[in-house]
Every structure is written in C-alpha cells, then in structure tokens.
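Step one of this worksheet: look at the structure below.
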C-alpha cells in the first residue's frame, strides 16, 4: 500500500462553522467529521500530496489559531475491503436491521421479523453503526410500534447522508424527501434507494437544506450536528405538521439542553430523550398547532 497524508484538525465548538466554511472552499475531495465529548469537532482530511496539506495547515493556523492541527503520513487502505471484513449487521428497535448488500441473503434467516435496510458502506454518513443513526432508527421503530407513524404519512430526512433513515421510513410505508448539502451523500442515497427497491417518487432526494422545503411533514428527522440544529430551529419547527413527530440527533448528551432550549423557544414543549452512551436524540411525538 502506498503512503498518503492526513491532516487532523480539532476545533472548538465556536469555530465549527468557520472551519467548515474554510474547508468547503479549500478541500474539493471532502473530509471526515467527528463530534467529541468536549463539544469540539475533529476534522480529518486525506490527500496524496503532503505539500497541499501543509498549505492548508498554514491557512487554518492563520485564520483559526485556536484550532489544533496534526499532519502525519498514513498507509492507504482498501476501504471497501476493510468494510467488507468488519461490517456487522445492526439491529435498531424492534423492527429494523441494517445490512450491507452482500449480507442481504442472510436477513430472513438470521433476523426473522425485521425489515432489512441494505446500505452500501461508502463515504456518506449513516451505516447504522454510529450511535446517532441507530438512535434515530430505534425512535422510528418505536413511533411505528406506538401507532404515532402509519403507512401513507410523509417525512423529511434532513442531512440524509446514506439515506438510511429515509429508506427505513419508506420500507415502513411512508413517503418523503431527503436533503443533504453533500452531493456525494445524495449520490450514495440514490444508490441505496435503488438497492432497496424504493421508487424515486416515494423518496425524493436533492442537494440542499431547509431552503428546499416547501411543505409540512408528519415526521421530520434531522441527524446532523448541534450547532446547525440550533440555528435552523425555526425553519425545522415550521416544517413539522401539527400532531406530527420531530426527531433530532447528531448531538452529544451534554449539548442536548442547549438544542432543546432553541426548540422550546419556538413554541415546542419539553422533548423526550433517548440516550446511547454519550449521544442523545430529542423526540417530540405530538407537535402542537402553532
């Protein structure tokens, strides 16, 4: 395997947007993000050219001196081969199991009674292995079990990533829209929509965010990060139909109070919470009329 280079940048919470904007301008190949228990975000950028990452490191150091940058060589891997070796099915709630396509034939035998969600593991977020994805699917399963969601209802999947949440909704009889600002994520979601036999009109996918939303939905899912969840609170609440459900995740438990406050300021009652380790989902299952 040849050597490539990785720039790892740890940024304080108040620098997230500035660093994301800088990377959007400077890095065409994309990057990884990881929310840390401290509220910081860790970004990882991989590139074959060390000189380009050194230039980026200097730019970040100049514009965001509080960010910590570490540049190091790493051995390039066959990422898909690694996924195939270590990817394990993930059961979520009472209804779902997330599987890669190459394990699809095992679903009926190994997971009877569960709805298999086939996800091709690529760069887009959302294979079910991250706690926030599993939390959201668990909440969807519980809402279906409780009769809060039924076939024919509509959903919005904001920050759809791989499309895993939208696919789970469609396989449960719902229909809706998935939005993501990353075009690679939209491509991956389209592939997973097709792989699960879902019609394009049942799960409409597009690049964008709340500016694309023109209606209200019976279920709004937003599995993104605490800061955008807080900033978009008024728009997200407006997208919720009265009597519908709202599920927010992508946030640490220590961030939940601040995010919930933003939604209570928009007229919502206190949220119900589901926690998995350090991660949290906020749930409203009866949105009041406004």
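Residues in the stretch 9-29 that are surrounded by 16 or more Cβ atoms within 10 Å (Cβ to Cβ) and outside any helix (DSSP H, G or I): 9, 10, 11, 27.
When every residue of the stretch 272-280 is checked against the conditions, none turns out to be crowded, with 22+ Cβ neighbours inside 10 Å and at pLDDT 95 or above.
Taken as a whole, the structure leaves residue 222 outside the set of residues that are modelled with pLDDT under 95 and either farther than 19 Å from residue 166 by Cα or in contact with a strand residue (DSSP E or B) (Cβ under 6 Å, 6 or more places away or on another chain) (or both).
Of all the criteria given as (1) within 17 Å of residue 97 (Cα to Cα); (2) out of contact with any helix residue (DSSP H, G or I) (no Cβ under 9 Å at 6 or more places or on another chain), the one not satisfied by residue 168 is (2). Residues satisfying the criterion are absent from the stretch 125-140 (criterion: buried (at least 17 other Cβ atoms within 10 Å of the Cβ), modelled with pLDDT of 95 or more, assigned by TED's automatic domain parsing to the domain that holds residue 227 and out of contact with any strand residue (DSSP E or B) (no Cβ under 9 Å at 6 or more places or on another chain)). In summary, helices (runs of 4 or more DSSP H) completely within the stretch 37-114 and bearing 1 or more residues that are modelled with pLDDT under 85, surrounded by 11 or more Cβ atoms within 10 Å (Cβ to Cβ) and out of contact with any helix residue (DSSP H, G or I) (no Cβ under 9 Å at 6 or more places or on another chain) occur at 79-86.
The values are calculated or read from the model by the stated rules, or taken from the named source; none is laboratory data. Since the model is a prediction, treat every value here as computed from it, not as a measurement. Cβ sites come from the backbone with ideal geometry, for glycine too, and all protein chains shown count toward neighbours.
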